[in-house]
Amino acid sequence: MNYLYAYFTLLALNALSIIGLSTYMIYFLIPKIYKENKQQYDMLKRYMFQLEPLSKSDTLSRYFIPFYGIFMSGYCIYLIHFDNSMKHFTLSSKFRLMDKELNKFRIFKRNYKWKNY
């Protein structure tokens, strides 16, 4: 159970770092560039307007990939803790079976063989 708490702690720290960095850029870094060097700010704005819009596949992948990771994490937690067919296995056996089960949903499948002990 400790690894689950560690995972959620790392997930929360990752979210906090993303939110913190975005807040820093929006409220401190960009206004600082604007105040200190108006010409550099205008160049940055001109560059941003020259960029072409993203294609629909890029936009969809930007939303799909994080939710795919969240889905896979949730499914791992379900398989380890709540799946009744895995209740009697040890933790290492659960990870072996979970890896086989997750191959149904993986985009990039692992093709290595587990050692039989």
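Sort out for me the Cα centre separation of the stretch 1-34 from the stretch 86-106, rounded to whole Å.
31
Quick one, which of [x] 2, 11, 16, 15, 12, 10, 9, 7, 6, 5, 3, 2, 1, 0, 0, 0; [y] 2, 8, 11, 13, 14, 12, 10, 8, 7, 6, 5, 3, 1, 0; [z] 2, 10, 19, 23, 21, 14, 6, 3, 1, 0 is the actual P(r) over Cα pairs in 5 Å bins from 0, in percent calculated for this model?
For P(r) over Cα pairs in 5 Å bins from 0, in percent, the calculated option is [y].
Extension gain Met43-Phe67, at 0.36 nm per residue separation less the Cα-Cα distance, in nm?
5.2 nm
Round to a whole number: what % of the accessible area of the chain belongs to carbon and sulfur, probe 1.4 Å? Before the final figure, lay out each step's value.
Values: 6780 of 10340 Å².
Percent of accessible area from carbon and sulfur atoms in the chain: 66.
Hey, what's the chain come to in accessible area per residue, 1.4 Å probe, Å²? Kindly include the intermediate steps, with their values, before the conclusion.
On the way: 10340 Å² over 117 residues.
Solvent-accessible surface per residue comes out at 88 Å².
Along Cα→Cβ, 7 Å out, is where each label goes; now give me the distance between the ones at Ala15 and Ser92 in nm to one decimal.
Simple spin-label model gives 3.4 nm for this pair.
The values are calculated or read from the model by the stated rules, or taken from the named source; none is laboratory data. Being a predicted model, the structure only gives us computed values, none of them experimental. We place every Cβ from the backbone using ideal geometry, glycine too, and count neighbours over all the protein chains shown. Only protein heavy atoms, including side chains, enter the accessible area calculation; ligands, DNA and RNA are left aside. Shrake-Rupley method; radii C 1.70, N 1.55, O 1.52, S 1.80 Å.
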